[in-house]
1. From the backbone phi of region A:204-220, what are the Karplus-calculated ³J(HN,Hα) couplings (6.51 cos²θ - 1.76 cosθ + 1.60, θ = phi - 60°) in whole Hz, Gly and Pro given as x?
2. Pull out a ≥ b ≥ c, the square roots of the eigenvalues of the alpha-carbon gyration tensor of chain A, then state rounded if a/c is under 1.5, prolate if not and a/b is larger than b/c, and oblate in the remaining case.
3. Could you give each residue of region A:247-259 its phi-based ³J(HN,Hα) in whole Hz, using Karplus coefficients 6.51, -1.76, 1.60 with θ = phi - 60°, and x for Gly or Pro?
4. Skipping prolines and chain starts, which residues have an amide H placed within reach, meaning under 5 Å, of the one on residue A:233, given they are 5 or more residues away or on another chain?
5. To make sure I understand the rule: partners must be lysines, Cα under 19 Å from the Cα of residue A:171, and not fewer than 8 residues away in the same chain. Which ones qualify?
6. Compare A:159, A:222, A:92 in a GNM of chain A, Cα atoms joined below 10 Å, and give the one with the largest fluctuation.
7. Any chance you could run the full-extension gain for residue A:95 through residue A:13? It's 0.36 nm times the residue separation minus the Cα-Cα distance, nm to one decimal.
8. Considering the dipole of region A:111-264 built from charges on the beta carbon (Lys and Arg +1, Asp and Glu -1) around the Cα centre, which of A:120, A:242, A:185 is farthest to its positive end?
Amino acid sequence: MKFNYLILSWFDKNKRELPWRNTRNPFHIWLSEIILQQTRVEQGKNFYLNFITEFDTVNDLAKADEQKVLKLWQGLGYYSRARNLHFTAQFVSNELNGVFPDTFKELKKLKGIGDYTAAAIASIVYNEPVPAVDGNMFRVFSRYFNVEDDISLAKTKKVFWDLGIEVIDEKRPGDFNQAVMDLGATICLPKAAKCDICPLNESCEALRLNKVQELPIKTKKVKVSNRFLHFILVQNGNEIGLVKREGNDVWRNLFTLPMIETTTDLLDNEDLIHQNIHLDLSFISEEKHILSHQNLFIKYYRYIPNVSKIEHLRNLSDFEWINLNEIENYPLPKPIENFINYHFLD
DNA sequence: TAGTCGTGGGT
DNA sequence: TACCCAAGACT
């Protein structure tokens, strides 16, 4: 078919040289695909290199503490990826004798591996002709074939999967999937598509119909909420208080300073009394930290150590004293990492 | 299913 | 500035 001939010819001459290319080690391909979920190549590259430097095999990763894995993941975001990565490493190491499943169907059963990642691994490592339906594929296919289905609806994924099954190159499925992603990442861009240099520009339906800007169609928008977080620096000599975050919320299993959350940006006596505590806090700084789905209005305060009151602080949250020399072992959210670096580490 | 999970870059 | 988007998965 014309589509895969054109895109594979382009890929053979223009593919990006990346650290996880030129290998079919399933551990390496799996790791790279998890890192690259919702993440740009340039952001994920060093994380991939750090992980394979630290862990030679899936068994090595399985033996590590979750906290160490999260620390290596610090700064990359979507930390459930790291927790699931570690969980699946242990499952493969302990239950599958360290050997990855070799089919799309079996790969998809592993925690953290969905349709996209299973297809990517199965096609790249095991030559299974299954389409990797990701954001690039939505964009390239919706434009080339003029598909007007709303990609923000879950059911639309099947439309693109079926189209991918029809079109995919049966002899080179891994290269085909990577070619689609490379084209989407470098030529068929969301806002400023480079149609003038696109290898598919003579047969692209969206270009012919002047619909490149409209496709793909995506109607649903994420609703963003506002949260007001007050972090309290509790310091005693070379030690500071840290809390491990629990529950179903952002930054699960990462560490922060002790925190009080309020419904407005004011932290007043009422909030403190409600926490059954009264503190002497001095304001340090504030910032706005933007997540994909939340605006975090963050303020930092210092608590001046007072022997008679330190016990009261334990009511605030069950923090533990951490020596600053050991902070390198504790995974921190970006704002806390920045705060600690600014105040304590050069 | 629709909402929830980070961070950084581009426009 | 505010918004969109990035090799998505989970619940």
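1. Values, residue by residue: 6, 5, 5, 5, 4, 8, 6, 10, 4, 5, 7, 9, x, 7, 9, 9, 6 Hz.
2. Verdict is prolate for chain A.
3. So the J values, rounded to whole Hz, are x, 8, 8, 4, 6, 4, 6, 9, 10, 9, 5, x, 9.
4. Result for residue A:233 returns A:301, A:302, A:303.
5. A:2, A:13, A:15
6. Between A:159, A:222, A:92, it is A:222 that shows the largest mean-square fluctuation.
7. Full extension of this stretch gives 25.4 nm more.
8. The listed residue farthest towards the positive side: A:242.
The numbers here are math on the coordinates, done by the rules we state, and not lab data. Keep in mind that what you see is a predicted model, and the values were worked out from it rather than measured. Every residue, glycine among them, receives a Cβ derived from its backbone with ideal geometry; neighbour counts consider all protein chains shown.
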